[in-house]
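Notes follow once the structure below has been shown.
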Protein chains: 2
Amino acid sequence: MNRPETTDPAPLLVRALRREEVERKPVWFMRQAGRSLPEYRELREGIPMLEMCRTPDLCAEVTLQPVRRHGVDAGILFSDIVTPLEGVGIDVEIKSGVGPVIAEPFRRASDLERLRPLEPDADLPEVAEAIRIITAELGETPLIGFAGAPFTLASYLVEGRPSKSQELARAMQLEEPALFRDLLERLADIAIASLKAQVEAGVQAVQVFDSWAGSLSEATYREAVLPVSRRLFAEIEELGVPRIHFAVNAGHLMEAMAEAGSDAMGVDWRTPLSEARQRLGEGVALQGNLDPTVPLAGSEVLERETRALLAAAPERGHVFNLGHGVLPSTDPAMLTELVGLVHDITEKQS
Amino acid sequence: MNRPETTDPAPLLVRALRREEVERKPVWFMRQAGRSLPEYRELREGIPMLEMCRTPDLCAEVTLQPVRRHGVDAGILFSDIVTPLEGVGIDVEIKSGVGPVIAEPFRRASDLERLRPLEPDADLPEVAEAIRIITAELGETPLIGFAGAPFTLASYLVEGRPSKSQELARAMQLEEPALFRDLLERLADIAIASLKAQVEAGVQAVQVFDSWAGSLSEATYREAVLPVSRRLFAEIEELGVPRIHFAVNAGHLMEAMAEAGSDAMGVDWRTPLSEARQRLGEGVALQGNLDPTVPLAGSEVLERETRALLAAAPERGHVFNLGHGVLPSTDPAMLTELVGLVHDITEKQS
């Protein structure tokens, strides 16, 4: 790591993810950098998403916007999980209102040849550059890096675009399990390389998004995905930063996903934190999980639901977040209010 | 009911839904009438969905197509859950590739006035007419009717179109629970009236689709939805036909949804039938739940997965189905093969 050794205590977020006792609960929001912010919409105008991700100044600016505005306890790198795929030469475009679209979807063994290993210094130097700008600006506030999990990246590659239930990817897994496994292993290597480069450049925690894993039964997840995700988490353990694992709409996979071996599990709003703690035990921190709809429903509902959530949340090993990304229609003032609420309610008198 | 009393035994499907011992397992498929069939695509060409639903001859023909082709043990009325909304004068259109789009979404109390009670004889005479044609053709094969559950219909009305997580509907529930409850009660009345008319015209089982319920936490479902859905199932009990209740991606709601009081619960492919039986007990039949992806993956996978599913399925009180609708890309020959497989494997020597 480039980061010099220091005697400063680790950031609040990192200590909470390590399940240490903390002076108040850290809070950040998935998709905090993005369409809910007018300053983001202004900056993005006319610039394709992946171009933003590869322009260090712009990437840094939109990453910093929500930290300045809301006073959250972490920034999260503005990027997309398909950025490393573009880095290795896959023709991918993020279409507005659709999501990532792959020009030539993966369908057969010969397609694997298109997935060469990621060399972050050569393929994605802009990401490390953006991270250096951001961390210099953030000071003591930590930056979170991230990557797409192998199954979710595979779904995009096989389907060619976002899909409701990843039918082509799951059919490939059923019909050609060895090919599908090979695809996942290569994608794990790409995610590992990307996360290593992000940590070397300065991120202090990482989150792995397995956004589509919820379409799998637990049996299929365990057979086809868990071994690969477990290797991924094992290989990034040596980086020494806390690792968060998140999927939406995957309550039925919670135990299996936790077995992949992260330090924290992101919890979607459908699963109460008390249930997550009971099912996963004390050995893993929890992140979440206010329903992203709550900030749309006015201050009174916001305070009521936030207090209820915090009352049922674990005292130790909890990072406050929404149960999924910030909805684009969210009034950013409500998010600022929410950060203040969480800080006020959880602040310890000392 | 118009149907004359007879001494014939009830159809296989009805007996299985009543958890009686049966000579073999009945099988039908959600969305069996639809885009997977070339004869359907040919007939549909150029005709809007809701016009099909309101043209008795066409509606009957597409309902009958999969029964003729696959030899399934039930037809399901070709319709859409928004048909009754159109019946009471809501301006709704089913847009190709999108789904139902409501011209003026519901946002406030005054919108409730647009939801007058459904009078099936006057508002939807074509549906009863179609059912009479279909049942005459089907002979001993039963026809299943259906309706959208109140929460799912409310989601369409409030969002104005299909949405990922029903954020506007759920925000309305949080902010204006009394208004949202009123909306659900009116929609329950519409569903009840529609189902009564369908049974009077000749359907022998009904399914209630709460397609979007999975976006709710169990606590919210219990508070906001369950009382209304429970009333719906209680009011249609007197019709004397088995009632199936189904939602996709709602494994976390299984117990709560079962408390609404149906005769059978549809199970999505993510929840093993053995788990569903264990969680719900013996008092309710189960319907499902082969992964709709399996018929895309070739005959060998189809037979392996079907045998595995049947080996773990309850002996009594099980109707074979997919765990969600037939995918449009499914080769219909695979579905015919699947019907034969289920019949062969479950046939009892007598």
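Bear in mind that the values in this text are calculations on the coordinates, not laboratory data. Bear in mind that the values here come from a model prediction, so they are computed numbers and not experimental data. Backbone-built Cβ (ideal geometry, glycine too); neighbour counts: all protein chains shown.
Please tell me if residue A:311 is without any contact (Cβ under 8 Å) to a residue 24 or more places away in the chain and farther than 20 Å from residue A:267 by Cβ. No, not satisfied.
Of all residues in the stretch B:10-49, those satisfying the criterion of being without any contact (Cβ under 8 Å) to a residue 12 or more places away in the chain and outside any loop (DSSP other than H, G, I, E, B) are B:15, B:41, B:42. So is residue B:131 part of a helix (DSSP H, G or I), in contact with a strand residue (DSSP E or B) (Cβ under 7 Å, 6 or more places away or on another chain), surrounded by 21 or more Cβ atoms within 10 Å (Cβ to Cβ) and not small (Gly, Ala, Ser) or not? For residue B:131, the condition - part of a helix (DSSP H, G or I), in contact with a strand residue (DSSP E or B) (Cβ under 7 Å, 6 or more places away or on another chain), surrounded by 21 or more Cβ atoms within 10 Å (Cβ to Cβ) and not small (Gly, Ala, Ser) - is met.
Checking the stated criteria, residue B:275 turns out to be in contact with a helix residue (DSSP H, G or I) (Cβ under 9 Å, 6 or more places away or on another chain), surrounded by fewer than 19 Cβ atoms within 10 Å (Cβ to Cβ) and within 12 Å of chain A (Cβ to nearest Cβ).
The set of residues from the stretch B:26-60 being among the hydrophobic types (A, V, I, L, M, F, W, C) and surrounded by fewer than 14 Cβ atoms within 10 Å (Cβ to Cβ) comprises just one member, B:47. Only residues that are polar (S, T, N, Q) and crowded, with 24+ Cβ neighbours inside 10 Å were counted across the stretch A:216-248, and they come to 1. Looking across B:219, B:213, B:258, one residue alone is within 18 Å of the chain's Cα centre (by Cα), closer than 30 Å to residue A:253 by Cα and within 14 Å of another protein chain (Cβ to nearest Cβ). It is B:213. Kindly provide the set of residues from the stretch B:317-350 that are more than 21 Å from residue A:169 (Cβ to Cβ), touching a helix residue (DSSP H, G or I) at 6+ places or on another chain (Cβ under 8 Å) and surrounded by fewer than 18 Cβ atoms within 10 Å (Cβ to Cβ), ordered by number. Once the filter is applied, which keeps residues that are more than 21 Å from residue A:169 (Cβ to Cβ), touching a helix residue (DSSP H, G or I) at 6+ places or on another chain (Cβ under 8 Å) and surrounded by fewer than 18 Cβ atoms within 10 Å (Cβ to Cβ), the stretch B:317-350 yields B:336, B:337, B:345.
The numbered conditions (1) surrounded by 15 or more Cβ atoms within 10 Å (Cβ to Cβ); (2) assigned to a loop (DSSP other than H, G, I, E, B) are all true for residue B:104 except (1).
The numbered conditions (1) within 14 Å of another protein chain (Cβ to nearest Cβ); (2) within 30 Å of residue B:134 (Cβ to Cβ); (3) touching a Pro at 6+ places or on another chain (Cβ under 9 Å) are all true for residue B:225 except (2). Is it the case, given these coordinates, that residue B:206 is more than 14 Å from chain A (Cβ to nearest Cβ), at negative phi and in a loop (DSSP other than H, G, I, E, B)? So residue B:206 does not fit the description; no. When B:187, B:183, B:179 are screened for being in contact (Cβ under 8 Å) with a residue 60 or more places away in the chain and within 14 Å of chain A (Cβ to nearest Cβ), only B:179 passes. When the stretch A:280-305 is limited to residues that are in a helix (DSSP H, G or I) and more than 22 Å from the chain's Cα centre (by Cα), the one that is farthest from the other protein chains (Cβ to nearest Cβ) turns out to be A:303.
Residues of the stretch B:155-164 that are within 13 Å of chain A (Cβ to nearest Cβ), part of a helix (DSSP H, G or I) and not small (Gly, Ala, Ser): B:158, B:159.
Conditions tested, residue by residue: (1) within 14 Å of chain B (Cβ to nearest Cβ); (2) β-branched (Val, Ile, Thr); (3) surrounded by fewer than 19 Cβ atoms within 10 Å (Cβ to Cβ).
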| residue | (1), (2), (3) |
| --- | --- |
| A:123 | no, no, no |
| A:140 | no, no, yes |
| A:148 | no, no, no |
| A:153 | no, no, no |
| A:166 | yes, no, no |
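All conditions in (1) within 18 Å of residue B:270 (Cβ to Cβ); (2) of a type outside the set (A, V, I, L, M); (3) touching a residue at least 12 places away in the same chain (Cβ under 8 Å); (4) assigned to a helix (DSSP H, G or I) hold for residue A:274, with the sole exception of (1).
Taking the stretch B:228-248 as the range and being part of a helix (DSSP H, G or I) and touching a residue at least 40 places away in the same chain (Cβ under 8 Å) as the test, the residues that pass are B:228, B:229, B:231, B:232, B:235, B:236.
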